[in-house]
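Please treat every number below as a calculation from the coordinates, not as lab data. None of the values given here were measured: they were computed from a predicted structure. Here the Cβ positions follow ideal geometry from the backbone for every residue, glycine too, while neighbour counts run over all protein chains shown.
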Amino acid sequence: MRHQLEAMKKILTAFFSIILLATFAQAQTAEVKISLNEQFFDALLDSMFKNAAAPEFPLSENNPKTENTNQTAKVLTSNYLTVSAAKNVVCPETIRLQRQIDGVNTAVRFRQGKIYVPLAFTGNYNPPLIGCVGFSGWAETNIVLSFDRQRQALIGTARVLNVNLSGTGGLGSSLLTRLVQSSIDQKINPIEIIRMDKISFNVPVQNAGNINMKAIGMRHQVGDGVLDIYVSYQFSK
């Protein structure tokens, strides 16, 4: 009985291998769907904030208005230069992403064919002659996906729709809003989602060697609560 089962297994394996090879001969391309839902991104963000340092980047270091303002203030006295340098050491002008601020979680949400990403953050701002100002809040962000042919990757571009600040006491809120928007736009973009070479691989087929699955195309569709990515594969020996 055991020998009969092993023989039947070999026959079925050979049968399906022939069908698979025949399918490759008739149609050399196929499309695979990858679905990423909101729960997946929630778990990913939970793990990122739990196991790694919060992402941090400079606050509009290339903003020309800020540079001009700082230069004007610095020429007031030589003593101010020393004070300003000391402030920069203890008050780095940065933005740090947070898991939650004011009840708003950093998350990825799929609604009405669009991708919305609320970004919770804290940071410091060191305006001339005022001193270190801490702030916090969250930015309502929209991510637009596109396929970059040069990179051969699906990428996202974040666009800030609105910034809600707290913790500044109204001090420079409009300026901080512009700086936060500028920093998020410049420091986060572009966001690489999937590279084509990372999802191309070989599939071992018993008694037939390896079948090469090469990703040759990609498209996406945003549904309610889910992002579907369709990858076109070319098969070859």
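Remark on Asn37: its backbone amide H falls under 5 Å from those of Leu227, a criterion applied only to residues 5 or more positions apart or on other chains, H modelled at 1.01 Å from N.
Could you give the length gained on full extension between Val32 and Lys50, defined as 0.36 nm per residue of separation minus the Cα-Cα distance, in nm? The partial results should precede the final answer.
Numbers: separation 18, 0.36 × 18 = 6.48 nm, distance 3.22 nm.
Roughly 3.3 nm would be gained on extension.
With +1 on the Cβ of every Lys and Arg and -1 on the Cβ of every Asp and Glu, and nothing else charged, how large is the dipole of segment 163-237 about its Cα centre, in debye rounded to the nearest 20?
Numbers: 7 positive and 5 negative charges, 52 e Å.
The calculated dipole for segment 163-237 is roughly 260 debye.
The packing ranking of peptides 187-199, 95-107, highest mean first, is 95-107, 187-199, where packing means the average number of other beta carbon atoms within 10 angstrom of each residue. Report the FRET efficiency, 1/(1 + (r/R0)^6), for Glu140 and Val226, where r is their Cβ-Cβ distance and R0 is 30 Å, rounded to 0.05. It comes to 0.90. Among 46-55, 125-134, sorting by the average number of other beta carbon atoms lying within 10 angstrom of each residue, highest first, gives 125-134, 46-55.
Taking each of Lys33/Lys187; Lys114/Lys187; Lys50/Lys214 in turn, the alpha-carbon distance tops 26 angstrom for Lys33/Lys187; Lys50/Lys214.
Scanning residues 5 or more positions from Asn126 or on other chains, those with amide H under 5 Å from its amide H are Val133, with H placed 1.01 Å from N in the peptide plane.
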